[in-house]
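The values are calculated or read from the model by the stated rules, or taken from the named source; none is laboratory data. If you're wondering where the values come from, they're calculated on a predicted model, not measured in any experiment. So basically every Cβ, Gly included, is an ideal-geometry build from the backbone, and we count neighbours across all protein chains shown. SASA here: full protein model, heavy atoms, side chains in, ligands and nucleic acids out. Shrake-Rupley method; radii C 1.70, N 1.55, O 1.52, S 1.80 Å.
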Amino acid sequence: MRVLLTGAAGFIGSHVGRALRDAGHEVVGIDLMLAAAHGPGAVTPGDVRRVDVRDPDALDRELRGIDAVCHQAAVVGAGVSAQDAPAYASHNDLGTAVLLAAMDRAACRHLVLASSMVVYGEGRYVDSAGAPVVPGARRLTDLDQGRFDHLAPDGEPLRWAAIDEDAPLRPRSLYAASKLAQEHYASAWATVTGSTVTALRYHNVYGPDMPRDTPYSGVAAIFRSALEAGDSPRVFEDGRQARDFIHVRDIAAANLAALEHPVDTFVPLNVASGHPITIAEVAAVLADAHGGKPPVVTGDYRPGDVRHIVAGPERARATLGFTAAIAPAEGLREFATAPLRATVAAGAPTWR
Ligand SMILES: NC(=O)c1ccc[n+]([C@@H]2O[C@H](COP(=O)([O-])OP(=O)(O)OC[C@H]3O[C@@H](n4cnc5c(N)ncnc54)[C@H](O)[C@@H]3O)[C@@H](O)[C@H]2O)c1
């Protein structure tokens with residue numbers, strides 16, 4: 001198969017490119033080499049062409065003879081500032097819209113879209129009897145006093161339950177809003193053009209070549225960077241927040257499976273390890289394997305943070321035959337000493 005891979009120079013895109021080539025596919029890699037991701041003046045890797053996914057003429061050239069598109073290009077992060085909204089809308093949403101129109105012109109009918117768990121916004125919770133509860137926002141007065149769990153009406157803490165792909169989609173950040181808009185454009189495009197889209201909702205991704213600690217980084221990179229600087233990883237809340245951490249090589253394997261098994265119209269799938277872990281455990285494994293200072297549980301909090309979000313990986317298994325091969329306990333130990341991205345990002349993303 002000849003695959004157009006966008007975001008090919010990125011953390012995940014470079015692993016996906018390697019996995020596709022190893023599986024015998026031909027990869028056409030494109031990337032804009034955004035300064036916000038790669039630093040100013042970064043050199044474009046030899047197997048990647050510098051192309052903006054918002055450029056329709058360039059896409060018409062790149063899509064010649066392409067069987068499927070694997071769309072990883074995006075501005076990532078938690079949406080640090082409202083000033084980032086135009087960059088998310090421009091690269092993520094306009095970029096996806098321009099790509100979908102170009103795919104239609106090229107009669108390219110299969111898209112694998114990098115989506116994210118952030119489209120859910122909140123995790124799934126049950127009360128002590130196992131009944132589902134949709135919690136409201138946590139109260140600042142509770143957080144200030146170290147009561148971090150969502151509470152049931154009877155005052156008992158709610159427990160997490162695994163979230164499936166039918167859960168309500170309630171993005172809580174500008175980045176999340178842009179990732180959900182990508183899914184909506186792709187889903188509508190699949191319907192009107194008779195194409196297929198697999199939207200892979202990655203959970204917390206980590207692994208070699210992850211970007212260093214920036215305001216846009218995930219928690220694994222932040223802990224890793226603290227250890228490298230000789231500091232303790234600083235864990236927010238009580239450290240019992242549950243997440244699913246998935247190794248980037250498993251993310252690449254899921255993309256390969258999705259490209260090789262087109263679905264019917266639009267199918268969103270969680271991509272997760274299936275082994276939930278707490279943030280305190282992540283910090284402890286990394287600190288131990290790095291040989292660094294032990295983590296400090298600070299009790300600090302960020303009001304917008306989700307308490308728990310844990311994936312149900314069953315649908316990806318049933319649809320694609322995908323099961324993650326690397327358990328977090330093992331993968332995080334490798335990550336503790338793995339190389340991080342060589343260049344350092346240059347601050348906030350721009351949209352022009
Ligand atoms: N890293 C995670 O934990 C995570 C989790 C969920 C989803 N995702 C998604 O996975 C994908 C890859 O993320 P990543 O972590 O590798 O980020 P990254 O920043 O390392 O890679 C993204 C790449 O996209 C490129 N890019 C941005 N705008 C572009 C444009 N207009 N045209 C062409 N290229 C452009 C950047 O230069 C960069 O190389 C993204 O779609 C992201 O939303 C990542």
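For this structure, a couple of remarks:
- Taking a ≥ b ≥ c as the square roots of the eigenvalues of the Cα gyration tensor, an a/c ratio of 1.5 or more together with a/b no larger than b/c marks segment 206-248 as oblate.
- Rolling a 1.4 Å probe across the protein heavy atoms gives segment 1-60 an accessible surface of 41 Å² per residue.
- Calculated from backbone phi, Karplus (6.51, -1.76, 1.60) coupling profile of segment 142-148 in Hz, x at Gly/Pro: 5, 4, 4, 9, x, 9, 9
- For trypsin sites (Lys or Arg not before Pro), the sites in segment 124-160 that DSSP calls loop and that have at most 13 other Cβ atoms within 10 Å are ARG139.
- Measure of compaction for segment 1-65 (Cα Rg per 2.2 N^0.38 Å): 1.09
- Ratio of the Cα radius of gyration of segment 269-352 to 2.2 N^0.38 Å, where N counts its residues: 1.40
- Measure of compaction for the chain (Cα Rg per 2.2 N^0.38 Å): 0.97
- Isotropic mean projected area of the C-alpha convex hull, segment 151-252 (nm²): 9.5
- Formal net charge of residues neighbouring LEU269 (Cβ-Cβ distance under 11 Å; K, R +1; D, E -1): 0
- Residue-count net charge about ALA220 - beta-carbon cut-off 11 Å; Lys, Arg +1, Asp, Glu -1: +1
- Placing pseudo-labels 7 Å out from each Cα toward the beta carbon at GLN145 and VAL296 gives an inter-label distance of 2.6 nm.
- Charge dipole of segment 12-112 about the Cα centre (unit charges at C-beta), most positive-ward option of ALA73, LEU20, ALA37: LEU20
- Local net charge near GLU330, Cβ-Cβ under 14 Å (Lys/Arg +1, Asp/Glu -1): -2
- Separation in nanometres of the label points that stand 7 Å from Cα toward Cβ, at THR278 and ARG333: 2.1
- Per-residue [θ]222 nm for the chain (sum of -39500 (n - 2.57) over DSSP H runs n ≥ 4, rounded to 500): -9000 deg cm²/dmol
- Three principal axis lengths of segment 3-124 [C-alpha, angstrom, descending]: 39, 32, 31
- Site pair ALA129 and ARG352 shows an inter-label distance of 6.0 nm when each label is modelled 7 Å from Cα along Cα→Cβ.
- Think of each Lys and Arg Cβ as +1 and each Asp and Glu Cβ as -1; about the Cα centre, that makes the dipole of segment 1-140 roughly 180 debye.
- The fraction of accessible area contributed by carbon and sulfur in segment 85-200 is 57 percent, rounded to a whole number (1.4 Å probe; ligands and nucleic acids excluded).
- Tensor-based shape of segment 58-141 (alpha-carbon gyration tensor, a/c under 1.5 rounded, otherwise prolate or oblate): oblate
- Stokes-Einstein diffusion for segment 201-352, with the hydrodynamic radius set to the Kirkwood value over Cα pairs and evaluated at 20 °C in a medium of 1.002 mPa s, equals 131 µm²/s.
- Phi angles of segment 56-71 translate, via the Karplus equation with coefficients 6.51, -1.76, 1.60 and θ = phi - 60°, into HN-Hα couplings of x, 5, 5, 5, 4, 5, 5, 8, 4, x, 8, 8, 7, 10, 10, 9 Hz per residue; Gly and Pro are given as x.
- The accessible surface of segment 217-295, taken with every protein chain in place and a 1.4 Å probe, is 52 percent carbon and sulfur.
- For the chain, the Cβ-based charge dipole about the Cα centre amounts to some 460 debye (Lys, Arg positive; Asp, Glu negative; other atoms uncharged).
- Fraction of accessible area attributable to carbon and sulfur, segment 1-77 (%, probe 1.4 Å): 49
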